[in-house]
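No lab work stands behind these numbers, since they all come straight from the coordinates. None of these values were measured; they are calculated from a predicted model. Here the Cβ is made from the backbone with ideal geometry for all residues, glycine too, and neighbour counts use every protein chain on show.
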Amino acid sequence: MTFDAHFKTDIILDRDGVINLDSDEYVKTIDEWIPIESSIEAIALLHKSGYRVFVATNQSGISRGYYSVETLKAMHQKMLGLVDLAGGFITDIAFCPHSPDDNCDCRKPKAGLLTSLADTNDIALNQSIVIGDSLRDLDSAILVGAKPMLVLTGNGKKTQHDNPNLNLPTFENLYDAVKSILT
């Protein structure tokens with residue numbers, strides 16, 4: 001795998017709890033997909049600064065019958081449209097539709113989503129940053145040699161509380177993480 005020197009480090013984001021508000025009841029409709037304040041601007045800022053941005057997201061609500069792949073794609077179109085309006089771009093989105101009981105290779109904390117994105121988009125994972133709010137996001141990053149960053153939105157505060165020895169860069173939100181990446 002070669003690294004395209006035209007791009008800086010690639011950034012892979014979890015979706016729920018990082019880009020949009022998460023829900024214990026699942027984000028099931030387009031109307032329930034609500035961006036976290038400043039997250040869209042953060043993605044646009046990364047893009048404008050020369051970074052490629054990707055999304056890797058577990059979406060077990062599909063296998064649980066809470067929403068369809070078509071509804072998920074509509075949510076992603078809403079996200080992509082908002083990012084585009086802000087002057088940003090998300091290069092690719094990978095999602096796992098399986099439940100934890102399916103024991104698939106793509107569900108984080110396993111590496112499948114990240115390696116799939118890497119294979120499709122020529123990402124050097126060992127030169128990439130993965131930003132998430134859950135331990136499974138961080139574990140998948142570590143598994144592929146990427147640099148994990150924790151945000152305290154979504155499940156981030158619980159992740160930090162439940163893992164007091166977690167020694168990773170930690171930020172209030174995606175925008176703060178992006179400001180750190182850019183400095």
Original post:
For residues in the range 28-49 being of a type in the set (A, V, I, L, M, F, W, C) and in a helix (DSSP H, G or I), which is nearest to Ser128 (Cα to Cα)?
Top reply: Leu46
**OP:** Look at Thr153 and say whether it is outside any helix (DSSP H, G or I), of a type in the set (S, T, N, Q) and under 23 Å from Ser39 (Cβ atoms).
**Re:** yes
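Return a yes/no flag: does the range 161-169 have any residue that is within 15 Å of the chain's Cα centre (by Cα) and either part of a loop (DSSP other than H, G, I, E, B) or closer than 21 Å to Ile19 by Cα (or both).
Applying the first criterion (within 15 Å of the chain's Cα centre (by Cα)) to the range 161-169 yields none.
No - not one qualifying residue is present in the range 161-169.
A quick yes/no check of all residues on (1) under 15 Å from the mean Cα position of the chain (by Cα); (2) touching a residue at least 40 places away in the same chain (Cβ under 8 Å); (3) assigned to a loop (DSSP other than H, G, I, E, B):
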residue	(1), (2), (3)
Asp22	yes, yes, yes
Tyr26	no, yes, yes
Tyr51	yes, yes, yes
Glu70	no, no, no
Ala74	no, yes, no
Met79	yes, yes, no
Val83	yes, yes, no
Asp101	no, no, no
Original post:
Which ones in the range 85-98 are small (Gly, Ala, Ser), buried (at least 17 other Cβ atoms within 10 Å of the Cβ) and more than 14 Å from the chain's Cα centre (by Cα)?
Top reply: Ala86, Gly88
**OP:** Filter the range 55-67 down to residues that are in contact with a helix residue (DSSP H, G or I) (Cβ under 9 Å, 6 or more places away or on another chain) and part of a loop (DSSP other than H, G, I, E, B) and give me whichever is nearest to Leu174 (Cα to Cα).
**Re:** Gln59
**OP:** Determine whether Ile131 is under 12 Å from the mean Cα position of the chain (by Cα), under 19 Å from Ile43 (Cα atoms), in a loop (DSSP other than H, G, I, E, B) and not hydroxyl-bearing (Ser, Thr, Tyr).
**Re:** no
